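To keep things clear, I will list the structure first and then write my remarks on it.
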Amino acid sequence: MRAEPTRHDAHAGRAIGSLPPPSLTLQQGLWLLAAAGVTLAPHAGYLPWWIIAACASLLGWRAWLLWQRRQPPHRLLLLLLTLACGVAVRQTYGHFFGKDPGVALLALLLCLKLLEIRRSRDVRAAVLLCFFLQMAVFFEDQSPPVALAALSGTWLAVVALLALADPTAAHREQMRTAALLLAQGLPFMLMLFLLFPRVQGPLWGLPADAASARSGLSDTMSPGSISDLIASPDIAFRVEFSGSPPEPSARYWRGPVFTRFDGRTWRAERPLEASTPFYTPSGRRFDYRITLEPHDQRWLLALDFPGAGADAGVGPVRFTSFAQALLARPLQNRSRFDLSSWPDTTTGLQDAQATLAAALALPDGVNPRSRDLARQLAAGAGSDAVILERVLAYLRSSRLTYTLKPPLLGHDSVDEFLFDVRRGFCEHFASAFTVLMRAAGVPARVVAGYQGGEINPIDGHLVVRQSDAHAWAEVWLAGRGWVRVDPTALAAPQRIEAGLAAALPEGEALPLMMRQDLGWLRSLRHRWEALANAWDQRVLGYNPEKQRELLARLGFREVDWPQLVAMMSGAGLSLLGILMAWASWQRRTRDPLERSWQTFCNRLARAGHPRAPWEGPRDYGRRLAAALPRQADELLRLTELYGRLRYGAAADRAEIRALNRQIRKFELQ
Amino acid sequence: MPSATLPLASTLRRTVRPLLDRWLFRLARPEPSPILLHQRRIYVLPTSAGLGLAAALLAMLIASINYSLSLGYGLTFLIAGIGVASIIHAFRNLFCLSVSAGRCEPAFCGESARFVFQVANLRSSRRPALRLRARGGETAFDLAAADVTSVELACLATRRGWLRAGRTTLETTWPLGLIRAWSVFIPDLACIVYPQPEPTPPPLPLGAAEGGNGRRLANTGDEDFHGLRPYRDSDSPRHVAWKALARGAPLLTKQYAGQRGEDVVLDWHTLPATLGDEERLSRLAAWLLAAERAGHRYGLELPSARIDAGHGEPHLHRCLRALALYRTTDTPLAGSTQDAR
């Protein structure tokens, strides 16, 4: 307990609150530093190295000052440091406006603010900066560990505020109060999270750097572009089939379709777009829900061949003359789509002559040996199908090696691959095959996308990673339309059936996660990814559509904004009511001795003998005895007993209960 | 009086506050102790820090919507929920506190009047970071679990007469400084303020009738040690029992017997005509203290009252009180809420 007069000068009444500490106490400083540290840690992967170094040294400096109980550095020095940081950020990013320089500035400001703290207002400003930075990390990563870091950061920030308001309390008490506040805040969070009217962002145009550099397929393909992708264990998309999934050899997920070739690089042309497919779906049908990671491209990576797509809030699904499913806009957020595909569909039967002519074009003067070979193979062939057979037979017999590390190729990339190095990855196979077919006069094109995928045994979802990226070819045959040919399968049939790891030759280094021998690691990853998937679907994927579904399941259909706001207010008020009940609950937990004495006094007050506030039990007893002589003995005994129990040496419970009983039995006559 | 030179906010506050006091807080007259802070007496409003946080949360919400950050929504709502919970905690920190008016020692004008309140915590948990404010004075204190503590509130006494504690606020911004919970009441507590003693008064008008040997008498009065009594603010440092203090005793004042000193009558009417009323009171106060210190028997003659010669502390206080209340009409329990400022 402490009670000290603070000020009593004439101006004291003006400044409310904020007892000015000369600087931070050790306790306050440590909590703040911990909050800042936990807040900044998840940013370490996304900020330039010098900002991380600067933040770490500023925090270290602050900790040292705190430890040495020194005053914060001079204002001027801090001002210079701030200016230097601003200039450095400008140098690094070239501008101040935008997400990345903004986050960098916030991180530096937080560290500088901690050094500057002189008043309680500075502490609050630092805590606000912590909250902003906890939020900013979600631009990059919203995984469960980051959420956990934000939660602990919030808790630490709350402890820091508590240490500011009540510097005398013990650590343990501060931590408990903060945890209590957090626990009481959680129901509000849950309620608001579920009921707050969700709108699909963005509210206005996103800044250019809203989406960070994403890995994934690009809209050009040259030797090496897909094998670069293979090293990444990142998930490209997840698929949940409503029935059984198609067999591995039918799992071709269609991305860009390349039709123009300059001898080295394949490029995509702009296909025709329509709201319905250019073909009639037929054969087996697979219904699935695909959850795409943002790749900043328009393709939907649907299973060949998509027939119908659900509008998923990002605009209707478009279909192209290259049998692709496209989005209206490049994909910036993780999104889900309900799609159906018919793998046995025939496509391109009615393709225009211009399309087929474009699928025959080859640049002049490049890859001469391949063109000669194609002409030989095509000589005397009765139909395109025969040419196809011959080309496939040639490739099968030429014993090309499938490898993750193909040698670099020069100008005539196809010639070098087929005749010199004879080692290549899927893009080499697809490219070489397509060039041969075109040179032989058969329309052909390259398709990039993903092939295969792995079923996660924990939740049964098919996970397709960047390492499943693949390129294959299509040839156009009269009466059969575009026919998929996967030349990689000729050299490495396991690639299609069992995935990349099985297809590579012995001794070739694999990315860690693809190693077959580390079974426990893979199983751990399966579990983690199943959890992450549930998190993505339930928490991160909670959007306007899901909100509607949830409300419909609760029995509220067609809920509009005012209704949602009313529901929110109702739920909020009930939660508040529960908290109020908790806050008022103390009354009943009073001391039993005090309670029975109160009962006694109340009863006598009703009889016209109230106890004066200053009267002790003994005096009161004497006065009562004088006023009510008939019961004098009993009154004296009761008041005496109470006095002894209250003020005497430790009273035991039995005696208190006895007094309680006597008071209950006592009746005025 | 609001004047044109006052800033608008101050003017507004002066106009609005009495209305609020009457209609919202229902303040009218001093309340008998104990004052129990029940639910309807506790008010909560955000502090400037709370408003700042609300603005920050709004910005975070807009960012979450614009960038479709699910966890952004979550974090924003969690912090908002913590803010709401802190309202309840702030309320709970004051809820069911019981405030009783304690005593108040007399003070001289220009010094601090020290109001003492007894604040009782009936709950078995701690109540941190409470503040009691009245008349520009402010005291911060904590309350231990199930405890009663005396809180002393020092306010500057600027006018002689009764100084009432008046509009008193018990407030807290615990736990997070975002919300201020407060309760206003007028305790039944007043302090009597004596006139400020003249700093350098002329010597006591000793033996004005008999011809002055007062100096000698005063000296003898000073020399005969009589006993010790607790130190008071008005005592001269020369009379403090420093030796006793060094031995660990509290601050004591040596008293000297001057009973053989002559009677002195401090008469309002014999003061120079050039002095105004307050100056006369000031001089009389200084003389009363000097006479008491010197050990004379002294009496007081005012236009409105006459106090016969006497000696000792109760007598001194009776005289000073007569000075304090000279031509004032107020009583300690007048129930006025007028602000002295």
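Please give the contour-minus-distance gain from A:D652 to A:R522: 0.36 nm per residue of separation, less the Cα-Cα distance, rounded to one decimal in nm.
Answer, rounded to one decimal: 40.4 nm.
For the residue pair B:D267 and A:R284, what label-to-label distance in nm results when each label sits 7 Å from Cα along the Cα-to-beta-carbon direction?
The two pseudo-label positions are separated by 12.8 nm.
Give the separation of the Cα centroids, the range A:565-642 to the range B:295-324, in Å.
Cα centres, the range A:565-642 to the range B:295-324: 46 Å.
Can you give the charge dipole size of the protein assembly as shown about its Cα centre, rounded to the nearest 20 debye, using +1 on the beta carbon of Lys and Arg and -1 on the beta carbon of Asp and Glu?
Dipole magnitude for the protein assembly as shown comes out near 3220 debye.
So how tilted is helix A:384-397 from the main axis of chain A? Cα-based, degrees 0 to 90, rounded to 10.
The helix A:384-397 is inclined about 70 degrees to chain A.
Decide, for the range B:107-193, between rounded, prolate and oblate: order the square roots of the alpha carbon gyration tensor eigenvalues as a ≥ b ≥ c, take rounded if a/c falls under 1.5, and otherwise choose prolate if a/b is larger than b/c, else oblate.
Judged from the Cα gyration tensor, the range B:107-193 comes out prolate (a/c at least 1.5, a/b above b/c).
Kindly put A:V485, B:V119 in sequence by how many other C-beta atoms sit within 10 Å of each C-beta, fewest to most.
Lowest count first: A:V485, B:V119.
Please compute the modelled spin-label separation between A:R553 and A:D619, points set 7 Å along Cα→Cβ, answer in nm with one decimal.
6.8 nm
Okay, helix-only estimate at 222 nm for chain A: each DSSP H run of n ≥ 4 adds -39500 (n - 2.57), divide by all residues, round to 500 deg cm²/dmol; what do you get?
Taking each H run of at least 4 residues, the total per residue is -14500 deg cm²/dmol.
On C-alpha positions alone, give me the angle between the axis of helix B:277-294 and the longest principal axis of chain B, in degrees, nearest 10.
The angle comes out at about 70 degrees.
Give the percent of DSSP beta bridges with both residues in the range B:224-324 that are antiparallel, rounded to the nearest 5.
Roughly 65 percent of the beta bridges in the range B:224-324 run antiparallel, per DSSP.
For the range A:278-384, calculate the relative contact order in percent as a whole number, restricting contacts to Cα pairs under 8 Å that are 6 or more residues apart.
Once divided by the residue count of the range A:278-384, the mean separation gives 34 percent.
In the range A:551-644, which chymotrypsin sites (Phe, Trp or Tyr not before Pro) fall in coil by DSSP and have 12 or fewer other Cβ atoms within 10 Å?
Answer in residue order: A:W614.
Give the calculated FRET efficiency between B:A54 and A:D228 to the nearest 0.05, with a Förster radius of 51 Å applied to their Cβ-Cβ distance.
0.60
Round to a whole angstrom and tell me the spacing of the C-alpha centers of the range A:356-402 and the range B:43-72.
65 Å
Between A:A566 and B:S236, how high is the FRET efficiency from 1/(1 + (r/R0)^6) when r is the Cβ-Cβ distance and R₀ = 45 Å? Nearest 0.05.
The calculated FRET efficiency here is 0.05.
Count the DSSP beta bridges whose two residues both fall in chain A, then state the antiparallel fraction as a percent rounded to the nearest 5.
95 percent
Can you tell me the FRET efficiency between B:S98 and B:D21 if r is taken as the Cβ-Cβ distance and R0 is 25 Å, rounded to the nearest 0.05?
0.70
Is the range A:220-514 rounded, prolate or oblate when judged by the Cα gyration tensor, a ≥ b ≥ c being the square roots of its eigenvalues, rounded requiring a/c under 1.5 and prolate requiring a/b larger than b/c?
Verdict is oblate for the range A:220-514.
For the range A:639-669, list residues with backbone N below 15 Å from a point placed 7 Å from the Cα of A:R606 toward its Cβ?
Those under the cut-off are A:663-669.
DSSP loop trypsin sites (Lys or Arg not before Pro) in the range B:263-323 with at most 10 other Cβ atoms within 10 Å of their Cβ, which ones?
Sparse-neighbourhood loop trypsin sites (Lys or Arg not before Pro): none present.
Per DSSP H run of n ≥ 4, the term is -39500 (n - 2.57); total these for chain B, divide by its residue number, and report the mean residue ellipticity at 222 nm rounded to 500 deg cm²/dmol.
-10000 deg cm²/dmol, from helical runs alone.
Enumerate the calculated ³J(HN,Hα) couplings along the range B:176-185 in order (Karplus 6.51 cos²θ - 1.76 cosθ + 1.60, θ = phi - 60°), each rounded to whole Hz, writing x wherever the residue is Gly or Pro.
Computed from phi, the couplings for the range B:176-185 are 10, x, 8, 10, 10, 9, 8, 9, 10, 7 Hz.
In what order do A:T220, A:T639, A:T39 fall by count of nearby beta-carbon atoms within 10 Å, going from fewest to most?
Lowest count first: A:T220, A:T639, A:T39.
Lysines near B:K243 by alpha-carbon distance under 20 Å, same-chain residues fewer than 8 away left out - which ones?
B:K254
Check the cysteines of chain B one by one and keep only those with no other cysteine Cβ under 4.7 Å from their own.
By the Cβ distance rule, which asks for a partner under 4.7 Å, the isolated cysteines are B:C96, B:C109, B:C155, B:C319.
What's the center-to-center distance, using Cα atoms, between the range A:245-305 and the range B:137-180 in Å?
The range A:245-305 and the range B:137-180 have Cα centres spaced 74 Å from each other.
What length, rounded to one decimal in nm, is gained on full extension from A:K546 through to A:E273, with 0.36 nm per residue of separation minus their alpha-carbon distance?
Taking A:K546 through A:E273 to full extension adds about 95.4 nm, to one decimal.
Answer rounded, prolate or oblate for the range A:19-169, using the Cα gyration tensor with square roots of eigenvalues a ≥ b ≥ c: rounded when a/c is under 1.5, else prolate when a/b is larger than b/c, else oblate.
Cα axes put the range A:19-169 in the oblate bin.
Please report A:E247, A:E427, A:E240, B:E301 as a ranked list, fewest other C-beta atoms within 10 angstrom at the top and most at the bottom.
Listing A:E247, A:E427, A:E240, B:E301 from fewest to most nearby Cβ atoms yields A:E247, B:E301, A:E240, A:E427.
What is the helix-to-structure angle for A:99-116, meaning the angle in degrees between its Cα long axis and the longest Cα principal axis of chain A, kept from 0 to 90 and rounded to the nearest 10?
Around 30 degrees separate the two axes.
Work from the charge dipole of chain A (Cβ charges, +1 for Lys and Arg, -1 for Asp and Glu, about the Cα centre) and give the residue of A:P617, A:Q28, A:M189 farthest towards its positive end.
With unit charges placed on the Cβ atoms, the residue in question is A:P617.
Values quoted throughout were computed directly from the atomic coordinates according to the rules given, and no laboratory measurement underlies them. For clarity, every value in this text was computed on a predicted model and none was experimentally measured. Ideal geometry is used to build each Cβ from the backbone, glycine not excepted, and the neighbour counts take in all protein chains shown.
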